Amino acid sequence: MAHMNQEKKSKLAPAIRMVLKKYGMRGSISVENHNSINVNIKSGKLDLIKNYNETLKNSPEWEKYKNRGILASEYIQVNEYHYKKYFTGKCLKFIDEMITAMNDGNYNHSDYQSDYFSVGWYTHLNIGHWNKPYTVEN
């Protein structure tokens, strides 16, 4: 059963903060519903939203998605299983390092075919927020 608390968060926080500092990003770390750790990126030197949109437009999947309004304008909820398809370069390295830091010590013994889910904790990486957009710093 997924479980996250302040003690586990405090053990993960130094590595998460190190990744934020390395890439010149600002964000917050929180625990949600005692089962997940959230990292909300508020601002930074990387233009993550522009990178996401450009990568999506250049992907082979663009033709089937272009009329669905999926380009980001203010925020992105990063899918930790498919993020490598939607980011490139330094933005991809940042997200990859962040997800690795958020999952340090985590496990996933889930069996999706039998509808059995067993993880240490869930992770949520958000670029901006629905009521406060991500901003790029110069």
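Quick one: which residue in TYR122, TYR116 is within 22 Å of ALA15 (Cα to Cα), modelled with pLDDT under 95 and out of contact with any Phe, Trp or Tyr (no Cβ under 6 Å at 6 or more places or on another chain)?
Testing whether each residue is within 22 Å of ALA15 (Cα to Cα), modelled with pLDDT under 95 and out of contact with any Phe, Trp or Tyr (no Cβ under 6 Å at 6 or more places or on another chain) leaves just TYR122.
Scanning region 109-136 for residues that are loosely packed, with under 11 Cβ neighbours inside 10 Å and over 17 Å from the mean Cα position of the chain (by Cα), which turns out nearest to GLU7 (Cα to Cα)?
Of everything passing the filter in region 109-136, HIS109 is nearest to GLU7 (Cα to Cα).
Go through region 26-45 and count every residue that is in contact with a helix residue (DSSP H, G or I) (Cβ under 8 Å, 6 or more places away or on another chain) and open to solvent by 70 Å² or more (accessible area, probe 1.4 Å).
Total satisfying the criteria: 1.
Among the residues that make up region 113-135, is at least one of them assigned to a helix (DSSP H, G or I) and among the basic types (Lys, Arg)?
Step one: list which residues in region 113-135 are assigned to a helix (DSSP H, G or I), which gives 113-114.
Now restrict to residues that are among the basic types (Lys, Arg): none.
So far as region 113-135 goes, no, none of its residues is assigned to a helix (DSSP H, G or I) and among the basic types (Lys, Arg).
Taking the options ASN40, ASN103, ASN58, name whichever one is of a type outside the set (A, V, I, L, M) and under 21 Å from HIS129 (Cβ atoms). Explain how you work it out, then say what you get.
On the way: ASN103 fails: under 21 Å from HIS129 (Cβ atoms); ASN58 fails: under 21 Å from HIS129 (Cβ atoms).
Going through ASN40, ASN103, ASN58 in turn, the sole match is ASN40.
Return the only residue of ILE29, ILE70, ILE95, ILE37 being farther than 26 Å from TRP121 by Cα and among the aliphatic types (A, V, I, L, M).
Numbers: ILE29 fails: farther than 26 Å from TRP121 by Cα; ILE95 fails: farther than 26 Å from TRP121 by Cα; ILE37 fails: farther than 26 Å from TRP121 by Cα.
The conditions single out ILE70.
When both residues are 6+ apart or on different chains and their Cβ atoms are under 7 Å apart, which pairs have a first residue that lies in region 10-26 and is of a type in the set (Gly, Ala, Ser), and a second that is surrounded by 15 or more Cβ atoms within 10 Å (Cβ to Cβ) and not in a helix (DSSP H, G or I)?
Every condition considered, the pairs that remain are ALA13/ILE29; GLY24/GLY44.
Can you say whether LEU92 is closer than 16 Å to GLY44 by Cα, surrounded by 12 or more Cβ atoms within 10 Å (Cβ to Cβ) and without any contact (Cβ under 8 Å) to a residue 60 or more places away in the chain, as far as the supplied structure shows?
Details: closer than 16 Å to GLY44 by Cα: yes; surrounded by 12 or more Cβ atoms within 10 Å (Cβ to Cβ): yes; without any contact (Cβ under 8 Å) to a residue 60 or more places away in the chain: yes.
Spelling it out, LEU92 is indeed closer than 16 Å to GLY44 by Cα, surrounded by 12 or more Cβ atoms within 10 Å (Cβ to Cβ) and without any contact (Cβ under 8 Å) to a residue 60 or more places away in the chain.
Of the residues that make up region 49-68, is at least one in a loop (DSSP other than H, G, I, E, B), farther than 17 Å from LEU20 by Cβ, among the β-branched types (Val, Ile, Thr) and within 17 Å of the chain's Cα centre (by Cα)? If you could, list the steps in order and put the result at the bottom.
First pass over region 49-68, keeping only residues in a loop (DSSP other than H, G, I, E, B): 58-61, 66-68.
Checking the rest, the ones that are also farther than 17 Å from LEU20 by Cβ come to 58-61, 66-68.
Checking the rest, the ones that are also among the β-branched types (Val, Ile, Thr) come to none.
Looking through region 49-68, none of the residues is in a loop (DSSP other than H, G, I, E, B), farther than 17 Å from LEU20 by Cβ, among the β-branched types (Val, Ile, Thr) and within 17 Å of the chain's Cα centre (by Cα).
Pick out the one residue from MET1, MET18 that is over 19 Å from HIS129 (Cβ atoms) and assigned to a loop (DSSP other than H, G, I, E, B). Steps first, answer last, please.
On the way: MET18 fails: assigned to a loop (DSSP other than H, G, I, E, B).
On inspection, the qualifying residue turns out to be MET1.
Of (1) farther than 27 Å from ASN5 by Cβ; (2) in a loop (DSSP other than H, G, I, E, B), TYR81 satisfies all except one. Which?
(1)
Determine whether TRP62 is over 17 Å from LYS8 (Cβ atoms), open to solvent by 20 Å² or more (accessible area, probe 1.4 Å) and touching a Leu at 6+ places or on another chain (Cβ under 8 Å).
Judged against the criteria, TRP62 is a match.
The values are calculated or read from the model by the stated rules, or taken from the named source; none is laboratory data. Nothing here was measured: the structure is a model prediction, and the numbers come from that model. Methodologically, a virtual Cβ is constructed for each residue, glycine included, from the backbone with ideal geometry; neighbour enumeration extends over all protein chains shown. Keep in mind that these areas ignore ligands, DNA and RNA; they rest on the heavy atoms of the full protein, side chains included. Shrake-Rupley method; radii C 1.70, N 1.55, O 1.52, S 1.80 Å.
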